[in-house]
Structures are given as C-alpha cells and as structure tokens.
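J.: Below is a structure I'd like to ask you about.
The values are calculated or read from the model by the stated rules, or taken from the named source; none is laboratory data. This is a predicted model, so every value here is computed, not measured. In this analysis, Cβ positions are derived from the backbone assuming ideal geometry, glycine residues included, and neighbour counts consider all displayed protein chains.
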Amino acid sequence: MTVVNEGGAQAPHERSRRVRGELPASGVRHALAERARRRARSSLPLPIRKALRRVYRALRHPKPPPPRTLILPSDVADADALRAYLTDTDIFSTVEEADAYLADALERFRVTVAMLPELPAGVQVLELGANPYFITRLLRRRGIDAVCANWFGPGRPARGQQIVTSRSTGERHVFDFDHFNVESDRFPYPDGSFQLVLCCEILEHLPQDPIHMLAEIHRVLADGGLLLLTTPNATRIDNLARMLRGDNVYEELSGYGTYGRHNREYTVAELRLLLSECGYTVSDVFALDIHDHAADWKSTMPGPNPGDRGCNLFALAEARGMPRWRYPRWLYSSQHALRRPVMPDLVVGCNDDVQAMGGLYELEVIQGVHARWMGCEPRATLLLSPTFEGAGTIRVEGVAPPVEAGDLTLCAELNGRQVSWHIAADGRPFSRGADVDISVGDQQVVLHTDRQWRPVECGLNPDTRTLSVAISSVALLPR
C-alpha cells in the first residue's frame, strides 16, 4: 500500500521514518517496557511474586459478594398464602390477570415489606403509585393506613376513590387517593408531612424530570424520614442476555403513552449517586434477583460485581436538610431547558441548577459554604419567585474574594432599580441587604461587580479563571 502525504506526495516508508525518529514506535516501546517489567518481577523474591500474582488475579476476577440475606416477616413469609390473599380481588378483571401480574411482582412485594422499618402507631406514610393497592393492603393488615397517590392522566379531579372487593368474602376495601403527576406537580402536602414515602416501580417510567419527584419527596418527608424506592435494574441478567443474543433491550412502546413504558432505567451505582445528589443519606442500595430464571448466568458474566446484576433495585434513603434540585450531567443533556423557579429564593447547592440562568461557575465548597463564583460572564442572572408584593428586602449572601484580590463593589438589579454594596477582600462569608419594591411572580435578579480578578495573577494558585465574588444565596424577603 502506498502512503500519501497531504497534498498527494508519497510519504517515506514507515520504517525509515521510525529509524529517523519522525514516527513514534509505540508498539516497540510497549514491548520493551513489558520486557523490563518481567525482568523486574523475576528479580523479586518468590513469596513476593506469588503475592503479586494473587493480587492480580483478584483484580481480574473479583470474588462476588456474599448473597444478601433478607428475613421475611411472618405476614409475607408464606408465598402461596400471600398470593391467594392478593389475587382475591376484583382490581383485575380476571383471576388469571391478577396471577400473571403477581408472577412477576410477588417476590418484589415480599422484599419491599421486608425492608420496611419498624413503624410506630400513628405514623404517616405516603404511597406513590398506589394502584393496584397490593402494598396498601399489606400495610393495612399491619394497622397502617397510608395516604395514596395516583396519576391516571390529565383532566381528572384532584381527589379520587377506588373500591376493591374480595371475590371470596365480598369485603370492600375503599381507597381514597390524591391525583397528581409526580414528575411535574407540587405534591399537595405541607413540608415534613410524612415519616415514610414508598415509591415503587415509578422512577423508570419518568421520561423527563425524576429530580422533581425526588425533591418533592424530600420536601414532604420529615427530617430523618425514609424513602423506600424500587425500580428495575438496567444491567440485570436478562438485559445482558438479550444483548448477547443480538436482541433489543428497550421495552415495547405502550398504548398507554409515554408513562406506560420504561423510559430510563438505572444501575446500582447510578441510583445511589442520584439519591445522594438529591440530598438523601443513602442507607442501602442493592440489586436482587427476584426471579429464578438466568440466575446461573452470573458466574459467566464479566464485571466488577456480579451481585449488581439482579433484576430489581431496592433502596432505602433518609431525608436530611433541604431538598436539592440537582441535574447531573451523567443523566441530563440540555439542562438549560429545565430552568424554572422551584423555590421563592435561590440557595446554591439546592436549586441553583434550575434557577441560575447564567454567569456562575460550577458549585464549590468555599470557606465551608456551598457557593458558586461569579465572573465567567459579566453578569449573573438568577430567577426568583417571591410569594408576596410590596416593600421588601433583597438579601445576598456569599464569600468575599481573598485579600490579594482587592475590594470590589457588588451590584444587584431588580425591577429597574439597582442597589450596591462594598465587599471587603477578606475571604470570609458575607451577607448584604437593601430595601426594594417586590412584585409577585417570576422575576430576574441580575448581579454584577465593578471589577474582576484571577487567582493566577494574584499569585494564589494556577487557576486562570476570571472571578469576582462567590454567591451562596439570594432571597427576596418582606420588610
């Protein structure tokens, strides 16, 4: 084969170029480096060489974790009795239809109930996606009457009721429920209303904004309240087997529309990361094979943790502090299209992903404060949504630049009026306020400074960014 340079001239032979040093001989260098490593290993004492081989094998072929043991409570320990109890209902048109549903879901119900914490009398529980009320009925057998929520599509009233009748005894079970879309609506409950929220087999159906649901769950949970979440595992054995066969791993389209199919499934690592970024303290996330099929594939499938290939994911997480609307780049593209007010004020680390319109760098912890530096653009534009109008105060909190950067002036523009403050360069957190007139509804606050600085030019570090002040929160408060 003739090698031609750009412009059509024939290139010199590759070997001659290597001899002259014009073309890196990466393959030759790799072989020489490997030979040197072998000589170095052979010079080591035999016990050390054996230990290194054991480490190498462990890294190449890690041992699977011990199988997870779950102790099933007595009320779900007998699978046959549980199946008979749950199928004895007219929520499905036929017993065969109920049997088909439980053939896939019964073991998941048993594991979910086994994960429930000890619940005191009078505990407030919210069950999202409660229909067909199987877990709801299991909770009622324990004396817990959960608040139910469903979504059957737009155009329905905010409250609904379904009555389920036992086929064998005629006993009626009445289920009142709130009707709202967990992906877009504000949940119709005050902050901190519940000690436990069940979110079973919902996450995978959300096509656009699971962050909204997780943030709203966090908001309605009491501090220290628990979220119990289940969802299919994207890297389950079934999916890997389909790929090896050349089959498609995606679900069929649904006649019920977008929400009728799985739109985005998650791995163990993704689910743990997603919950953490939304402000939860994750107690446990694991994959479990709740079906017998394909269990023997695990020993032959490559990967760091064969135990993460179970068909379902189960998670238990604790809500602490404020909810977070974090839209991670590993999950989202075009995050700018999701910008909107979700809180009246802006709190960096909580809702800045959706209420900061531009002009701020990425989130950092500066002097122990979650903040974002200004300076990547001349102005930072923030979206706020006050719930009152009239005389008020704008309050800006953040971190001042270091002494080496020098003092500066911070300005804020709102409703055609500009206020400004002197910020002393001491590298410490600051809080500034000024009187302004405030209107109800979405409003833009524009921040800018009279000067900027660069850490590298101040001799602080190699950071070449253009900075001014770091912002941690902006609030509009009644005077």
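J.: Return only the number of the condition from (1) touching a helix residue (DSSP H, G or I) at 6+ places or on another chain (Cβ under 8 Å); (2) within 24 Å of THR165 (Cβ to Cβ) that TYR101 does not satisfy.
T.: (1)
J.: Which one is surrounded by the fewest Cβ atoms within 10 Å (Cβ to Cβ), of the residues in segment 407-416 that are touching an Asp or Glu at 6+ places or on another chain (Cβ under 8 Å) and under 20 Å from ALA356 (Cα atoms)?
T.: Step one: of segment 407-416, the residues touching an Asp or Glu at 6+ places or on another chain (Cβ under 8 Å) are 408-409, 411, 415.
Okay, now just the ones that are also under 20 Å from ALA356 (Cα atoms), so 411, 415.
Numbers: CYS411: 14, ASN415: 11.
Applying the filter and picking the extreme gives ASN415.
J.: Determine whether THR300 is at pLDDT 95 or above and outside the structural domain of LEU467 (by TED's automatic domain parsing).
T.: Working: at pLDDT 95 or above: no; outside the structural domain of LEU467 (by TED's automatic domain parsing): yes.
Criteria not met by THR300.
J.: In addition: In this structure, is PRO378 of a type outside the set (A, V, I, L, M, F, W, C) and surrounded by 16 or more Cβ atoms within 10 Å (Cβ to Cβ)? So that I can check it myself, show each step before the final result.
T.: Details: of a type outside the set (A, V, I, L, M, F, W, C): yes; surrounded by 16 or more Cβ atoms within 10 Å (Cβ to Cβ): no.
Judged against the criteria, PRO378 is not a match.
J.: Determine whether segment 407-419 contains at least one residue that is without any contact (Cβ under 8 Å) to a residue 12 or more places away in the chain and not hydroxyl-bearing (Ser, Thr, Tyr).
T.: Looking only at segment 407-419, we keep the residues that are without any contact (Cβ under 8 Å) to a residue 12 or more places away in the chain, and these are 416, 418.
With the extra rule that they be not hydroxyl-bearing (Ser, Thr, Tyr), the set shrinks to 416, 418.
So far as segment 407-419 goes, yes, one or more of its residues are without any contact (Cβ under 8 Å) to a residue 12 or more places away in the chain and not hydroxyl-bearing (Ser, Thr, Tyr).
J.: Against the condition surrounded by fewer than 14 Cβ atoms within 10 Å (Cβ to Cβ), among the charged types (D, E, K, R), in contact with a helix residue (DSSP H, G or I) (Cβ under 7 Å, 6 or more places away or on another chain) and in the same structural domain as GLU404 (by TED's automatic domain parsing), how does ASP437 come out, does it pass?
T.: Working: surrounded by fewer than 14 Cβ atoms within 10 Å (Cβ to Cβ): yes; among the charged types (D, E, K, R): yes; in contact with a helix residue (DSSP H, G or I) (Cβ under 7 Å, 6 or more places away or on another chain): no; in the same structural domain as GLU404 (by TED's automatic domain parsing): yes.
Spelling it out, it is not the case that ASP437 is surrounded by fewer than 14 Cβ atoms within 10 Å (Cβ to Cβ), among the charged types (D, E, K, R), in contact with a helix residue (DSSP H, G or I) (Cβ under 7 Å, 6 or more places away or on another chain) and in the same structural domain as GLU404 (by TED's automatic domain parsing).
J.: Right, here's the next one. From ALA58, ALA79, grab the single residue that is modelled with pLDDT of 85 or more and out of contact with any strand residue (DSSP E or B) (no Cβ under 8 Å at 6 or more places or on another chain).
T.: Numbers: ALA58 fails: modelled with pLDDT of 85 or more.
Result of the check over ALA58, ALA79: ALA79.
J.: Same structure, new question: In segment 192-204, what residues are farther than 18 Å from LEU139 by Cβ and crowded, with 22+ Cβ neighbours inside 10 Å? Walk me through how you get there before you give the answer.
T.: Step one: filter segment 192-204 for residues farther than 18 Å from LEU139 by Cβ, giving 192, 203-204.
Within segment 192-204, just LEU203 meets the criteria.
J.: May I pose another question? If a residue must be closer than 24 Å to PRO210 by Cβ and either among the β-branched types (Val, Ile, Thr) or within 25 Å of the chain's Cα centre (by Cα) (or both), how many such residues does segment 153-177 contain?
T.: Selection size over segment 153-177: 1.
J.: Could you check how many residues of segment 453-479 are in a loop (DSSP other than H, G, I, E, B), touching a residue at least 12 places away in the same chain (Cβ under 8 Å) and polar (S, T, N, Q)?
T.: Quick first cut of segment 453-479, residues in a loop (DSSP other than H, G, I, E, B) only: 454-466, 468-469, 479.
Filter once more, so that each one left must be touching a residue at least 12 places away in the same chain (Cβ under 8 Å): 454-455, 458-460, 465-466, 468-469, 479.
Filter once more, keeping what is polar (S, T, N, Q): 466, 468.
Result for segment 453-479: 2.
J.: Please identify the pairs in which a residue from segment 438-452 that is more than 19 Å from LEU346 (Cα to Cα) and in contact (Cβ under 8 Å) with a residue 24 or more places away in the chain has its Cβ atom under 6 Å from the Cβ atom of a residue that is outside any loop (DSSP other than H, G, I, E, B) and not hydrophobic (A, V, I, L, M, F, W, C), counting only partners at least 6 apart or on another chain.
T.: Cβ pairs passing all conditions: ASP450/THR409.
J.: Could you say which residue among TYR133, TYR189 is among the hydroxyl-bearing types (Ser, Thr, Tyr), at positive phi and surrounded by 12 or more Cβ atoms within 10 Å (Cβ to Cβ)? Working first, answer last.
T.: On the way: TYR189 fails: at positive phi.
Criteria check complete, one pass: TYR133.
J.: Still on this model: Taking GLY224 as the residue in question, decide whether it is exposed (fewer than 15 other Cβ atoms within 10 Å of the Cβ), under 20 Å from the mean Cα position of the chain (by Cα) and farther than 17 Å from GLN208 by Cβ. Give the steps one after another, and end with the answer.
T.: On the way: exposed (fewer than 15 other Cβ atoms within 10 Å of the Cβ): yes; under 20 Å from the mean Cα position of the chain (by Cα): yes; farther than 17 Å from GLN208 by Cβ: yes.
Here the answer is yes, as GLY224 does meet what is asked.
J.: Output the residue which, of all residues in segment 440-463 that are β-branched (Val, Ile, Thr) and closer than 25 Å to ASP353 by Cβ, is surrounded by the most Cβ atoms within 10 Å (Cβ to Cβ). Outline the logic, then answer.
T.: Residues of segment 440-463 that are β-branched (Val, Ile, Thr), as a first pass: 440, 445-446, 449, 456.
Of the ones still in play, those that are also closer than 25 Å to ASP353 by Cβ are 440, 445-446, 449.
Details: VAL440: 11, VAL445: 23, VAL446: 16, THR449: 21.
Filtering first and then ranking leaves VAL445.
J.: Could you say whether any residue in segment 139-155 is of a type in the set (S, T, N, Q), surrounded by 11 or more Cβ atoms within 10 Å (Cβ to Cβ) and touching a residue at least 60 places away in the same chain (Cβ under 8 Å)?
T.: Just the residues of segment 139-155 that are of a type in the set (S, T, N, Q), to begin with: 150.
With surrounded by 11 or more Cβ atoms within 10 Å (Cβ to Cβ) added as a condition, the list becomes 150.
When the remaining residues are screened for being touching a residue at least 60 places away in the same chain (Cβ under 8 Å), the result is none.
No, segment 139-155 has no match at all.
J.: Tally up the residues in segment 106-138 that are part of a helix (DSSP H, G or I) and either without any contact (Cβ under 8 Å) to a residue 40 or more places away in the chain or touching a Gly at 6+ places or on another chain (Cβ under 7 Å) (or both), please. Lay out the reasoning, then the answer.
T.: To start, the set of residues in segment 106-138 that are part of a helix (DSSP H, G or I) comprises 106-115, 134-138.
Keeping just the survivors that are either without any contact (Cβ under 8 Å) to a residue 40 or more places away in the chain or touching a Gly at 6+ places or on another chain (Cβ under 7 Å) (or both) gives 106, 109-110, 136.
Final tally of qualifying residues: 4.
J.: Among the numbered criteria (1) buried (at least 16 other Cβ atoms within 10 Å of the Cβ); (2) closer than 28 Å to VAL456 by Cβ; (3) of a type outside the set (Val, Ile, Thr), which one does LEU384 miss?
T.: Single failed check for LEU384: (2).
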